[in-house]
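Nothing in this text is a laboratory measurement; each read-out follows from the coordinates by a stated rule. Small disclaimer: the values here were computed from a predicted structure and weren't measured. Positions of Cβ are backbone-derived with ideal geometry, glycine not excepted, and every protein chain shown enters the neighbour counts.
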Amino acid sequence: MKPTASLLLLTSLAPLSAQDLLNPLIVTATRSEDENVPYSVAKITAETMRNEGRRTLPEALEFVPGVLVQKTTQGHGSPFIRGFTGRQNLLLVDGVRMNNSVWRGGPVQYWNTVDPYSLDHLELVKSQGSVIFGSDAIGGTLNAFTRSSNFENETDGAVFTHGSAYYEYRSNGDDSNIGHIEGSAGVGGKWGLHVGISAKDFGDIHDSSVGTMRGTGYEESAIDLRYDMLLAPGTTLTFASQYVNQDDISRWHRTLNNTGWIHGDHIAAAGSWVADDYDQERSLTYLRVVQENPQAGAWLKKWSATLSYQTTADSELQDRRNSPTGALSSSAYQQLGDTTVDTYGVDVSFESPVGPGTLVYGVDYYHDEVNSSAARNTGAGMVNRPASRPIADDSSYDLLGVFGNYTWSPASRWEVSAGGRFTYAGAEWGAYRPSGGSTDISGDNSWTDFSAALRVSYEIRKDWLAWFSASQSFRAPNLADLTGNTASLSGLDSHGSPDVDPEKFLTFELGTRGKVRDDLQVQAAVFNTFSTDGAISSYTSGSNTYVVNGEDSWIYGVEAEAVWSISDTWSLNAFAAWQEGKTDVAQRTPSERWMPRQLPFTASAALRYTTPGGAWWVEGRLTGAVDADRIYPADQASDNQRIPTNGNPSYLIPSLYAGWKATDYLDLTLGLENLSDSDYRNLGSGNNQPGFGAIVGARLKW
């Protein structure tokens, strides 16, 4: 049976997706704990990530409808959420903004710097708009919540200690090994401390067509700490800090290790550089106070204040020779680029009853300080080269937002939510060397915006909700748009433009979520997002690309998922999703083209058996996609190391997962992925997905 026919049969026979869809407790949608929010949401727990063998934060989203997990390389992942990626999605850690002013266009690697083993759960809200958390929330907002001691759930006044150690072995990846150990201690109801440490050694992956993909392995280490304390009844103090370090992550598709890929009439080109390696460090520290007032009629129900400090350090070494023994020259050179960003943030929010409803309001401010340098070796050793800096040196960026969102019930079963946000963004660059320039120049610019959102929901019956929303999204040009200078696609040099204008988007969504019958839960949505004044695009001129403003762009799609509880022991989860979009850029001929990396029709189904006592479970999953061939030939040609001719071929991948609660203190898991040992890759990725491999995990608790 062909993959396309198999997928259609799969979605016609099975109801659709993977998590418990009904009444998820979600904070990210409204900045307040709400059940059954009128948004398209996904909540993914740490247990789910562990059971499904999700290796990184982006991979944790692989079974969420409407999400395409693109991986430039095995150590870099950038999910496309409803057609948008990188700086057009917003990433938060405990509500603290991760996006900064050096995130470039297209896929970025920064989502991989959040250690999934430090997390309690993820909340993804799709197409939220810019009102609640600000700029960049176009495709979606992902909030990663860190693990804590849970001191408030321990016996009041009693000293407690608990912890766990986790080990994972992956056969596909030259025997990859992952270790994580964590522990908590404190006094119940008063305070608690949680500390976790991760060490990861990922080996080179392999598949049945390309073979071993040399250079796809890398090392990573991480540490996280969180201290929570009850200052007074209803008032909690949180201090958290985390650090992640990654070494020698190769952008494999550009290197000589990439010998190309042939799959029928789908042909991806080989790499041509000796090396393109990334080292990356990221840290986050924040201090937060939250106070809740349970008193009826209080004018202030809840408030929170957060101070945060983050650092991001990137170092990229390119060796553009076509042979390790080749001579260095002006075109075949070695180059080292470094960028460091220090980000200071403050976020204050309030929740007050006002009239018949509730008002959530506040202010947030983030300030970036950026330093950058570059050196190039054309045969005389590494020499400082200002024209090759990844971003303008001695730069800064400010992002200020003031917001309010009001929710009320005008009639029985109806709820209306309306809000707005004022945004100010300002950029200053102290040392920018334009392409071909001989001296540094400085500059500055600023932008303001007001974005609004309206959401109306109706309770069809208990536990079944339908909603319609119209939400605006805004993204001011950042330093990468204005002064960036990086390698993109299959080795082209991408340059910023100091005169780039802001992006503005409008999304309409119609959705529903609830219990169709006692044994069947569903969530489904259709959406349409469009921009009329300039989705940021790139056009190609020779061996360079330049950031420009497009004219019109649009993308629409449909998503559906469900959970069918067949019996007390059997359940069936499945989903299907599809997107289509085009953009109009006057600098291109023809001007209207497919938007890159749009999710082809994709579906997945998982049949799970759990023993009556819950001692063990086993799950079989089938995932597939049709040909991803909606791509303009010139766009494919400029990215031919990642995107094959005729686009990405279809695939249908079976996998098996199982878990056993061996004792009260020991959990064992087993994953057998890609049982068919198929050669395939996610659209836009730089290397193929691993072929057949076993994932063995053991977690010891105390």
Can you give the relative contact order of the range 634-702 as a percent, counting alpha carbon pairs under 8 Å and 6+ residues apart? 31 percent
Euclidean distance of C-alpha centroids, the range 365-380 and the range 648-680, integer Å: 42 Å
To the nearest 20 debye, the range 194-251 has a Cα-centred charge dipole, built from +1 on Lys and Arg Cβ and -1 on Asp and Glu Cβ, of 160 debye
Quick P(r) readout (the chain; Cα-Cα; 10 Å bins; whole %) gives 3, 14, 26, 28, 20, 7, 1, 0
Name the long-range amide H neighbours of Gly484: under 5 Å, sequence gap of 5 or more, or other chain; modelled H, no Pro or chain starts. Gly496, Ser497
Grab the beta carbon distance between Val354 and Ala637, set R0 = 51 Å, and tell me the FRET efficiency rounded to 0.05. 0.35
Note to self: C-alpha centroids of the range 158-218 and the range 413-491 sit apart, in Å, by 34 Å
When Tyr110, Tyr39 are arranged by how many other beta-carbons sit within 10 Å of their Cβ, fewest first, they go Tyr110, Tyr39
Going fewest to most other Cβ atoms within 10 Å around each Cβ, Lys701, Lys301, Lys515 line up as Lys701, Lys515, Lys301
Phi angles of the range 396-410, converted by Karplus (6.51 cos²θ - 1.76 cosθ + 1.60, θ = phi - 60°) into ³J(HN,Hα) in whole Hz with x for Gly and Pro, give 8, 8, 10, 9, 10, x, 10, 9, x, 9, 10, 10, 8, 10, x
³J(HN,Hα) across the range 137-145 via Karplus (A = 6.51, B = -1.76, C = 1.60, θ = phi - 60°), whole Hz, x for Gly/Pro? 7, 9, x, x, 10, 10, 10, 9, 9
Measuring from the lowest to the highest alpha carbon on each principal axis, how far does the range 401-443 reach, largest first, in angstroms? 68, 18, 7
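Exceeding 30 Å between C-alpha atoms, which entries from my cross-link table qualify? They are Lys71/Lys302; Lys302/Lys462; Lys302/Lys661; Lys200/Lys302; Lys43/Lys302; Lys43/Lys200.
Details: Lys71/Lys302 40 Å; Lys302/Lys462 28 Å; Lys302/Lys661 40 Å; Lys200/Lys302 40 Å; Lys43/Lys302 24 Å; Lys43/Lys200 25 Å.
The answer is Lys71/Lys302; Lys302/Lys661; Lys200/Lys302.
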Of Lys504, Lys661, Lys71, Lys462, how do they rank once you tally other Cβ atoms within 10 Å and put the fewest first? Lys462, Lys661, Lys504, Lys71
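Using the Cα centre of the chain as the reference point, and only Cβ charges (+1 on K/R, -1 on D/E), how large is the resulting charge dipole? Debye, rounded to the nearest 20. Let's see the in-between values first.
Values: 52 positive and 82 negative charges, 192 e Å.
Magnitude of the dipole: close to 920 debye.
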Each label point is 7 Å from the Cα along the Cα-to-Cβ direction; what then is the distance between the points at Thr325 and Leu668, in nm? 5.1 nm
Once amide H atoms are built 1.01 Å from N in the peptide plane, which residues 5 or more positions from Trp464, or in another chain, come under 5 Å H to H? Lys515
Given Ser171, Ala144, Ser118, which one lies farthest toward the positive end of the charge dipole of the range 81-188, if we put +1 on the Cβ of every Lys and Arg and -1 on the Cβ of every Asp and Glu? Ala144
What list of ³J(HN,Hα) couplings, whole Hz, do you get for the range 666-674 from phi and the Karplus terms 6.51, -1.76, 1.60, once you set θ to phi - 60° and write x for glycine and proline? 9, 10, 10, 10, 9, x, 10, 9, 6
